Amino acid sequence: MLRNMHDSLGQALADMRVKTVLPLVRGQLLDLGCGSNQLVERYVHGVGIDVHPWSGVDLLVRDTAELPFASRSFDTITVIAALNHIPNRGDVLDECRRVLRPGGQVLVTMLTPTISRLWHWLRAPWDADQRERGKLADLGYRVLTVRYDSRLEDQLTANRDVFGSGNSKVG
């Protein structure tokens, strides 16, 4: 198990993301790319999965495009600051569709492109996947709500009824 995922600055950013996302979570939660699993620990009703053995992960998987859950198992699926690190993100989002209950929601957070470039230049210049940021629209998904956390310009994209019948309510 890898013990520590964040330095103090990274931990502060992770804490802010969890505080931003937590009020939006409802029902059974799947936190995909959960890292140290802080969101599930605070929300309680869910499972955190990752492909890396961070301390606190509920379930370690080889590929998040092959989830070991029955169809329609979750009301909320979160991908907090992880989608850009997933090379097969289209397949992963298809798998999210499979395990999401009707009327469910997918919540995705990402740094804004400017902050992301600065963040990764300062901390991980070899992190090539930061240069290719898969866009949800390019994968056939609609972004219904975009919110910005002005404290660190952390972008929160809340997709509600992403896979639904068009009866979306944007709040």
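The values are calculated or read from the model by the stated rules, or taken from the named source; none is laboratory data. None of these values were measured; they are calculated from a predicted model. Here the Cβ is made from the backbone with ideal geometry for all residues, glycine too, and neighbour counts use every protein chain on show. Note: areas computed on protein heavy atoms with side chains; ligands, DNA, RNA excluded. Shrake-Rupley method; radii C 1.70, N 1.55, O 1.52, S 1.80 Å.
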* Those residues that are open to solvent by 30 Å² or more (accessible area, probe 1.4 Å), outside any loop (DSSP other than H, G, I, E, B) and within 23 Å of Leu13 (Cα to Cα), I need them from region 48-79; list them, please. => Trp54
* Structure fact -> For Ala12, the lone unmet condition from (1) modelled with pLDDT of 95 or more; (2) in a helix (DSSP H, G or I) is (1)
* Where residues in region 17-47 are free of Cβ contacts under 8 Å to residues at least 60 places away in the same chain, among the hydrophobic types (A, V, I, L, M, F, W, C) and farther than 15 Å from Val92 by Cα, which of them is surrounded by the fewest Cβ atoms within 10 Å (Cβ to Cβ)? -> Val44
* **Where a residue in region 77-95 is closer than 24 Å to Leu22 by Cβ and its partner, wherever it lies, is small (Gly, Ala, Ser) and open to solvent by 30 Å² or more (accessible area, probe 1.4 Å), with Cβ under 9 Å and at least six apart** => Leu93/Gly140
